[in-house]
1. Considering every residue within region 36-50, establish whether at least one is closer than 30 Å to residue 4 by Cα, at pLDDT 60 or above, surrounded by 14 or more Cβ atoms within 10 Å (Cβ to Cβ) and out of contact with any strand residue (DSSP E or B) (no Cβ under 6 Å at 6 or more places or on another chain).
2. Looking at (1) surrounded by fewer than 18 Cβ atoms within 10 Å (Cβ to Cβ); (2) within 14 Å of residue 2 (Cα to Cα), find the lone condition where residue 62 falls short.
3. Of these, 108, 53, which one is surrounded by 14 or more Cβ atoms within 10 Å (Cβ to Cβ) and at pLDDT below 95?
4. Could you check region 71-96 and list, in sequence order, the residues that are in contact (Cβ under 8 Å) with a residue 24 or more places away in the chain and crowded, with 17+ Cβ neighbours inside 10 Å?
5. Please specify each residue of region 50-98 satisfying the condition of being under 19 Å from residue 18 (Cβ atoms) and in a loop (DSSP other than H, G, I, E, B).
């Protein structure tokens with residue numbers, strides 16, 4: 001993949017994540033005196049959902065930062081596991097991909 005295209009994809013991904021994180025910013029809705037399951041405790045559920053989403057987005061942002069570092073080092077588009085090229089189609093769909101599809105499958109299965 002051409003470096004300019006990779007930069008464009010990563011910038012778009014960073015922007016998407018940062019916008020989603022900004023939308024989650026702000027005070028929590030739940031009241032410390034309300035327990036989960038109590039009447040009017042729906043805000044506590046939303047707080048927990050938002051906290052989980054925030055954690056996921058921070059992980060995605062860390063993946064963007066790793067991909068940007070690989071781009072700077074000249075190793076973007078190569079598997080961090082084997083050094084094999086990651087197909088451009090995979091990088092188009094998932095700019096932060098660190099492994100080939102086959103390697104990712106093995107990695108996730110443990």
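1. Restricting attention to region 36-50, the residues satisfying the condition of being closer than 30 Å to residue 4 by Cα are none.
No, the conditions are met nowhere in region 36-50.
2. Here residue 62 clears every test but (2).
3. Matching residue, one of 108, 53: 53.
4. Once the filter is applied, which keeps residues that are in contact (Cβ under 8 Å) with a residue 24 or more places away in the chain and crowded, with 17+ Cβ neighbours inside 10 Å, region 71-96 yields 71, 76, 77, 79, 91, 95, 96.
5. Here is the first cut: in region 50-98, the ones under 19 Å from residue 18 (Cβ atoms) are 50-69, 71, 94-96.
Correct list: 94, 95, 96.
The values are calculated or read from the model by the stated rules, or taken from the named source; none is laboratory data. Just so we're clear, the structure is a prediction, and the values are computed from it rather than from any experiment. For neighbour counting, all protein chains shown are included, and Cβ atoms are generated from backbone atoms with ideal geometry for every residue, glycine included.
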